[in-house]
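*Asks:* My structure is below; once you've seen it, I'll send some questions.
The values are calculated or read from the model by the stated rules, or taken from the named source; none is laboratory data. Computed from a predicted model, the values in this text were never measured in an experiment. Every residue, glycine as well, gets a Cβ built from its backbone with ideal geometry; the counts of neighbours run over all protein chains shown.
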Amino acid sequence: MDVIKQAYLPCHTPAGLKKLRKEELKQLRGNGKGVRRGCERVYDYDVYNDLGNPDKGQEHVRPILGTRDYPCPRRCRTGRPHATTDEKYESPINSSVESYVPRDEAFEGVRKEALDVEKLKGATRNLIPFIRTCITKCGNFKQLSDVQQIYKRKHVDKMKPENVTTTKWPLPMNMMSKIQNDVEEYFKFDTPRIINGGNCCCIKDEELGRQALAGINPLSIKRLETFPPVSDLDPSIYGAQKSALKEEHIISHLDGMPVQQAMAEKKLFMLDYHDAYLPFLNGINAREDRKAYATRTILYLTRLGTLKPIAIELSLPESKQVLTPPLDATSHWLWQIAKAHVCSNDAGVHQLVHHWLRTHACMEPFIIAAHRQLSAMHPVFKLLKPHLKHTLQINALAREALINEGGIIETDFSSGKYSTEIISAAYKDWWRFDMEALPADLIRRGLAEPDPTHPHGLRLLIEDYPYANDGLLIWFALENLVRTYVNYYYSDRIMVRSDSELQSWYSEVTNVGHADHANASWWPTLSTPSDLTSILTTLIWVASVQHSAVNFGQYPLGGYVPMRSPHMKKLLPKEDDLEYKEFLEDPEGYLLSCLPNMFETTKFLAVVNILSQHSPDEEYMGQRKDLSDWTGDPEIIKAFYEFSMDIKRIEKEIDKRNKDTTRRNRCGAGIPPYELLVASSAPGVTGRGVPNSISI
């Protein structure tokens, strides 16, 4: 059907195409049976029963996501055989069984070659430190210069696998030679942009606040509206969970205001990871090499428009403590360790919730349903098509290597084997499609208020909030394009309601693809052109802009582990701890011993470097290669052209903002410009670029 370029609503389909239109959709749906093969184009649903491997033992079992106990969006069905020991689980990928994605979704050409090269680099980067670890047991960083060697390339010589052939890890000489020859190339880690202004072993207070607005996770910060903060965890399971934060902890940092006045004037904000982590802390902390708190950080909006942390609450299931900005050398280093735990919490929630769940996983049902219910001739499918591309392929790869049992997320992040449960809990208790629209999300988090005197009727409560500032420009340009497009094909609500394919698509998304929220009252209705405009704008936003905001800065803005560690190895030292003396004698060394070691760090950097890559064949926001499909619809061609011009103007505006010295969260000495929402980009790791779809 792709050869038919003209868009037709079902009611306008030429008589000669009606039967073909229905037959193709029937083929794309399949029959829900059998093992899917790579040559097929069948789209169907399944639960996440492929993340664990019960055949390897109980410790390799993970909860099935997409059940009453563990809600989750559905994934694309593969039909692989059941596990031998438990038929509820799907058998894992192996040498004889490939991961299935419909052939239209598979990587091809330049993109496939680029991914293969980066996978090879990642494998080599993993292999060398692994061999080095086996032979010499390289341990923790001893001093900050050890970390800096990674970016100065001086660590490469230390990692050459000397005498490997005489160890218990024998390698063929040709492989040995290749490894040694490729070490220098594959271990070239560029200096992350975040430390170009100077590096240290911890994150500065003002930088922690700045990154909450202009880092790789600008989606967690929210306004503090209740003090002390209140937990939403079930008290019958987790206890009362009363916060240890008191007015006395923060009042000296509020420019003379009492707490209630500071909240009334909308000066207090919070990073709250208490409920996300607390249910899992006993399990996480049972590991010898993983330690975590459930953190809350209170931040104050200064007269300069920047945020500064003024209190950190560190919670364990049986205890809580509050730290405030330091007064002496000892409290200074305890404060640094507390901030490192905050950043580690943030790294996990960023990766599991804001990145994987909200973009990758929650988009998948919309994509599957679009192929099953919307003909390739349907104008909505044609609009969405570039925003659906390659997502099923990258999600399938993620289930193989990222979020699976023993995968990168489990091994690199504090959440470990509880990662999937954190994802499920966030989906169950927090995710709402109606709140994924940028204006709704900002209002929900208390970062914006409706105000007819401001552009687009929305006022930001933190004026210099780069993600929101730039994002709103794109959001309203995108909304204008979608509104023009929708109104061209749907003149009134009757046309929307009578479009059988459109209604079937949305019904299948809400009742099947997101079945665990099927009865939620918050699903938007789909009755009018305005409803459709809102739904489609949100989908395109999530697939393009929101994903770019949380993905392509992972290496440039998150590739310096001392400032943003994926996991921590130690809690704060206590005076009666054996390690307390060590902490007092060498506090910097103690902090570094809390972080991932050389092997773990290089492994982590290899992964986020891959995830931050742009493919050479990327199609970016404002670009479309299929405009010839609308040659008979000049109004649509004009709308796309005007949108492309809008995006170019927005790029220039972003560049202007990044040079504005009054915008201290994106301009200043040592501060990287905020470019994650600049639409265009060169290939590779650039820290900018907004692809049309979730394709990495």
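*Asks:* Return the only residue of Met568, Met598, Met563 being in contact (Cβ under 8 Å) with a residue 12 or more places away in the chain and over 22 Å from the mean Cα position of the chain (by Cα).
*Replies:* Numbers: Met568 fails: over 22 Å from the mean Cα position of the chain (by Cα); Met563 fails: over 22 Å from the mean Cα position of the chain (by Cα).
Exactly one of Met568, Met598, Met563 is in contact (Cβ under 8 Å) with a residue 12 or more places away in the chain and over 22 Å from the mean Cα position of the chain (by Cα), namely Met598.
Residue-by-condition table, conditions (1) within 18 Å of Asn404 (Cβ to Cβ); (2) touching a Cys at 6+ places or on another chain (Cβ under 9 Å):
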position: Pro14; (1), (2): no, no
position: Gln27; (1), (2): no, no
position: Asp46; (1), (2): yes, yes
position: Gly52; (1), (2): yes, no
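*Asks:* Also, I was wondering about something else. In segment 429-444, which residues are part of a loop (DSSP other than H, G, I, E, B) and in contact with a Phe, Trp or Tyr (Cβ under 9 Å, 6 or more places away or on another chain)?
*Replies:* Keep residues of segment 429-444 that are part of a loop (DSSP other than H, G, I, E, B), which gives 430-432, 436-437.
Arg432, Glu436, Ala437, listed by residue number.
*Asks:* Okay, next question. So is Trp523 part of a loop (DSSP other than H, G, I, E, B) and touching a Phe, Trp or Tyr at 6+ places or on another chain (Cβ under 7 Å) or not? If you could, list the steps in order and put the result at the bottom.
*Replies:* Values: part of a loop (DSSP other than H, G, I, E, B): yes; touching a Phe, Trp or Tyr at 6+ places or on another chain (Cβ under 7 Å): yes.
The answer is yes for Trp523.
*Asks:* So, in segment 411-432, exactly how many residues are under 30 Å from Glu108 (Cβ atoms) and acidic (Asp, Glu)?
*Replies:* Number satisfying all stated conditions: 1.
*Asks:* Count, please, the residues in segment 28-59 that happen to be in a helix (DSSP H, G or I) and closer than 18 Å to Leu502 by Cα.
*Replies:* To start, the set of residues in segment 28-59 that are in a helix (DSSP H, G or I) comprises 28-29, 54-56, 58-59.
Still in the list and also closer than 18 Å to Leu502 by Cα: 28-29.
Within segment 28-59, residues that are in a helix (DSSP H, G or I) and closer than 18 Å to Leu502 by Cα number 2.
*Asks:* Sticking with this one: Checking Asp328 against (1) in contact (Cβ under 8 Å) with a residue 12 or more places away in the chain; (2) out of contact with any Gly (no Cβ under 7 Å at 6 or more places or on another chain), which test does it fail?
*Replies:* Of (1) in contact (Cβ under 8 Å) with a residue 12 or more places away in the chain; (2) out of contact with any Gly (no Cβ under 7 Å at 6 or more places or on another chain), only one is false for Asp328: (1).
*Asks:* Looking at (1) within 28 Å of Tyr293 (Cα to Cα); (2) over 18 Å from the mean Cα position of the chain (by Cα); (3) modelled with pLDDT of 95 or more, find the lone condition where His360 falls short.
*Replies:* Among (1) within 28 Å of Tyr293 (Cα to Cα); (2) over 18 Å from the mean Cα position of the chain (by Cα); (3) modelled with pLDDT of 95 or more, His360 violates only (2).
*Asks:* Which helices (runs of 4 or more DSSP H) sit wholly inside segment 580-696 and have at least 3 residues that are in contact with a helix residue (DSSP H, G or I) (Cβ under 9 Å, 6 or more places away or on another chain) and crowded, with 16+ Cβ neighbours inside 10 Å? If you could, list the steps in order and put the result at the bottom.
*Replies:* Values: elements: 580-585, 587-593, 598-611, 634-657.
Correct list: 587-593, 598-611, 634-657.
*Asks:* Tally the residues that are in contact (Cβ under 8 Å) with a residue 60 or more places away in the chain and either under 14 Å from Tyr620 (Cβ atoms) or polar (S, T, N, Q) (or both), restricting the search to segment 663-677.
*Replies:* Step one: list which residues in segment 663-677 are in contact (Cβ under 8 Å) with a residue 60 or more places away in the chain, which gives 663-666, 669-672, 674, 676-677.
If we keep only those that are either under 14 Å from Tyr620 (Cβ atoms) or polar (S, T, N, Q) (or both) as well, we get 665, 676-677.
Total meeting the criteria: 3.
*Asks:* OK, next. For segment 502-522, does any single residue satisfy the condition of being buried (at least 19 other Cβ atoms within 10 Å of the Cβ), under 19 Å from Pro192 (Cα atoms) and acidic (Asp, Glu)?
*Replies:* Among the residues of segment 502-522, not one is buried (at least 19 other Cβ atoms within 10 Å of the Cβ), under 19 Å from Pro192 (Cα atoms) and acidic (Asp, Glu), which makes the answer no.
*Asks:* Find the helices (runs of 4 or more DSSP H) located wholly in segment 128-247 whose residues include 3 or more that are modelled with pLDDT of 70 or more, touching a helix residue (DSSP H, G or I) at 6+ places or on another chain (Cβ under 9 Å) and over 30 Å from Ala264 (Cβ atoms), and list them.
*Replies:* Numbers: elements: 144-152, 173-186, 205-214, 235-238.
Passing ranges, in order: 144-152.
*Asks:* Next question. Among the listed residues Arg493, Arg445, Arg459, Arg432, which satisfies the condition of being touching a Ser or Thr at 6+ places or on another chain (Cβ under 6 Å), of a type in the set (Lys, Arg) and surrounded by fewer than 21 Cβ atoms within 10 Å (Cβ to Cβ)?
*Replies:* Values: Arg445 fails: touching a Ser or Thr at 6+ places or on another chain (Cβ under 6 Å); Arg459 fails: touching a Ser or Thr at 6+ places or on another chain (Cβ under 6 Å); Arg432 fails: touching a Ser or Thr at 6+ places or on another chain (Cβ under 6 Å).
Answer to the selection: Arg493.
*Asks:* Would you pick out the residues in segment 343-364 that are polar (S, T, N, Q) and under 18 Å from Ile540 (Cβ atoms)?
*Replies:* At the first step, the residues of segment 343-364 found to be polar (S, T, N, Q) are 344-345, 351, 359.
Matches in segment 343-364: Thr359 only.
*Asks:* While we're here: Please name all residue pairs, on different chains or six or more residues apart, with Cβ atoms under 8 Å, provided the first residue is in segment 430-449 and is on the phi < 0 side of the Ramachandran plot and among the basic types (Lys, Arg) and the second residue is modelled with pLDDT of 95 or more and in a helix (DSSP H, G or I).
*Replies:* Arg444/Met435
*Asks:* Continuing with the same structure: Looking at Ala425, Ala437, can you tell me which residue is among the hydrophobic types (A, V, I, L, M, F, W, C), under 24 Å from Ile409 (Cα atoms) and touching a helix residue (DSSP H, G or I) at 6+ places or on another chain (Cβ under 9 Å)?
*Replies:* Working: Ala437 fails: under 24 Å from Ile409 (Cα atoms).
The match here is Ala425.
*Asks:* I'd like the full set of residues that are among the aliphatic types (A, V, I, L, M) and without any contact (Cβ under 8 Å) to a residue 24 or more places away in the chain, limited to segment 269-322.
*Replies:* Narrowing segment 269-322 to residues among the aliphatic types (A, V, I, L, M): 270-271, 276, 278, 281, 284, 286, 292, 294, 298-299, 301, 304, 307, 310-312, 314, 316, 322.
Matches in segment 269-322: Ala286 only.
To keep it simple, each residue is scored yes or no on (1) farther than 21 Å from Val550 by Cβ; (2) β-branched (Val, Ile, Thr); (3) surrounded by fewer than 23 Cβ atoms within 10 Å (Cβ to Cβ).
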residue	(1), (2), (3)
His355	no, no, no
Ser375	yes, no, no
His378	yes, no, no
Lys385	yes, no, yes
Asn404	no, no, no
Gly407	no, no, yes
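*Asks:* While we're here: Take the residues in segment 308-324 that are closer than 20 Å to Asp255 by Cα and among the β-branched types (Val, Ile, Thr); name whichever of them is surrounded by the most Cβ atoms within 10 Å (Cβ to Cβ).
*Replies:* Ile312
*Asks:* Given (1) surrounded by 16 or more Cβ atoms within 10 Å (Cβ to Cβ); (2) part of a helix (DSSP H, G or I); (3) not charged (D, E, K, R), identify the lone condition not met by Ile251.
*Replies:* (1)
*Asks:* Mind listing whichever residues of segment 45-73 are surrounded by fewer than 21 Cβ atoms within 10 Å (Cβ to Cβ) and closer than 14 Å to Tyr100 by Cβ?
*Replies:* Tyr45, Asp46 - these are the residues of segment 45-73 that are surrounded by fewer than 21 Cβ atoms within 10 Å (Cβ to Cβ) and closer than 14 Å to Tyr100 by Cβ.
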